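S.K.: This is the structure I have questions about; it appears just below.
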Amino acid sequence: MRQQLPTVCIVDDEKIVCNGLRFLLESAGLRTLSFVSATQYLDRFDASLPGCVLVDNVMPGMCGLDLLKRLVAKGRHPPVIMISGQCDVPTAVRAMKIGAVDVLLKPFKDEILIGSLQRAIAIDAQQRERDLRIAEINERLNRLTPRERQVFEQVITGKLNKHIADYLGVSVATIQVHRLSLMRKLEANHVSQLVRMKYALEQ
């Protein structure tokens, strides 16, 4: 499968502003897509597309803050940077609390915008890498039988085979068999790897 390039989705109802942002960002080597409204962006929303969203807060209909809320409600969403020439401090603080990566007040320097976008793209890449890791761990855990999953939960607490056997009411030999099987299915060579898997799922 061809890997998608990080893309900055520009959401702004002013065509001249949108074109100016596209020229600036593409000159800096960033791929862009443009949307004339928050509604149009949501209609074409693609969670698999890596990158971030650059949205003007003041637009007819759905504003940038409302778009941010809608994206947060979806769960997994690209990082959002909000820009505005009419954004007071309370609104900026609210946007950051909801989940905006940055809030930039116009006029801002080109390098500040580019730096903010690069950070947002890096955050997205890290999150996608984590999502992939979680999916891989869950796929492996799904290979376990119910009993192996019980043994797994005990092993990661540091309990010895004898204590796990007593807890589950089976023989030590049975625990040894289950332990070898779950290590193979989880593709792990050491208990520390199992602990890291569990920790990753809880983050």
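The values are calculated or read from the model by the stated rules, or taken from the named source; none is laboratory data. This structure is a prediction, so every number in the text was calculated from the model and none was measured. Because the Cβ atoms are built from the backbone with ideal geometry, glycine has one as well, and the counts that use them run over all protein chains shown. SASA here: full protein model, heavy atoms, side chains in, ligands and nucleic acids out. Shrake-Rupley method; radii C 1.70, N 1.55, O 1.52, S 1.80 Å.
S.K.: Please report the Cα spread of the stretch 29-112 along all three principal axes, rounded to whole Å, starting with the longest.
M.R.: 31, 31, 23
S.K.: Let me ask something else. Report, by chain and number, residues whose modeled amide H sits under 5 Å from the one on Thr7, excluding near sequence neighbours (fewer than 5 apart, same chain).
M.R.: Gly51, Cys52
S.K.: If amide hydrogens are placed 1.01 Å from N in the peptide plane, which non-local residues have theirs closer than 5 Å to the one on Ile83?
M.R.: Counting only residues 5 or more places away or on other chains, the set is Val55, Asp56, Asn57, Leu104.
S.K.: Identify all aspartates and glutamates with a Cα-Cα distance to Lys106 below 16 Å; exclude those on the same chain that are fewer than 8 residues away in sequence.
M.R.: Asp12, Asp13, Glu14, Asp56, Asp88
S.K.: Taking amide H positions as placed 1.01 Å from N in the peptide plane, with prolines and chain starts having none, which residues 5 or more places from Val170, or on another chain, fall under 5 Å of its amide H?
M.R.: Here nothing satisfies the definition.
S.K.: What is the Cα coordinate range of the stretch 1-144 on the first, second and third principal axes, sorted by size from largest, in whole angstrom?
M.R.: Cα extents, longest axis first: 55, 33, 27 Å.
S.K.: Accessible area of the stretch 45-203 with a 1.4 Å probe: how many percent of it is carbon plus sulfur?
M.R.: Using a 1.4 Å probe with all protein chains present, the stretch 45-203 comes out at 55 percent carbon and sulfur.
S.K.: Another question, then. List, in the order given, every pair from Lys15/Lys97; Lys97/Lys159; Lys74/Lys198; Lys109/Lys198 whose Cα-Cα distance in the structure shown is over 32 Å.
M.R.: Exceeds cut-off: Lys97/Lys159; Lys109/Lys198.
S.K.: Based on the Cβ-Cβ distance of Val191 and Arg149, what FRET efficiency does E = 1/(1 + (r/R0)^6) give at R0 = 22 Å, to the nearest 0.05? Show your work: numbers first, answer last.
M.R.: On the way: r = 16 Å, r/R0 = 0.71.
It comes out at approximately 0.90.
S.K.: Please give the residues of the stretch 142-162, grouped as numeric ranges, whose backbone N is less than 11 Å from a label point set 7 Å along the Cα-to-Cβ vector of Val170.
M.R.: Under 11 Å, as judged by backbone N against the label point of Val170, lie 145-152 of the stretch 142-162.
S.K.: Whole-Hz Karplus ³J(HN,Hα) for the stretch 166-171, in order, using 6.51 cos²θ - 1.76 cosθ + 1.60 and θ = phi - 60°, x for Gly and Pro?
M.R.: Using θ = phi - 60°, the values come out as 5, 5, 8, x, 10, 7 Hz.
S.K.: Mind checking the stretch 141-203 for GluC sites (Glu not before Pro) that DSSP puts in a loop (not H, G, I, E or B) and that have at most 14 other Cβ atoms within 10 Å?
M.R.: Values: sites: Glu148, Glu153, Glu187, Glu202; in loops: Glu187.
Those that pass, being in a loop and sparsely packed, are Glu187.
S.K.: Gap in Å between the Cα centre of the stretch 55-81 and the Cα centre of the stretch 115-146?
M.R.: Using only Cα atoms, the two centres lie 23 Å from each other.
S.K.: Sticking with this one: Could you derive backbone 3J(HN,Hα) for the stretch 16-29 from the dihedral phi with the Karplus parameters 6.51, -1.76 and 1.60 (θ = phi - 60°), listing whole Hz in sequence and x where the residue is Gly or Pro?
M.R.: Running phi through 6.51 cos²θ - 1.76 cosθ + 1.60 with θ = phi - 60° gives 5, 5, 4, 5, x, 5, 4, 4, 4, 5, 5, 5, 8, x Hz.
S.K.: If you don't mind, there's one more thing I want to ask. Leaving ligands and nucleic acids out of the surface, order Thr32, Thr39, Thr91 by accessible area at 1.4 Å, largest first.
M.R.: Listed by decreasing accessible area, they come as Thr39, Thr91, Thr32.
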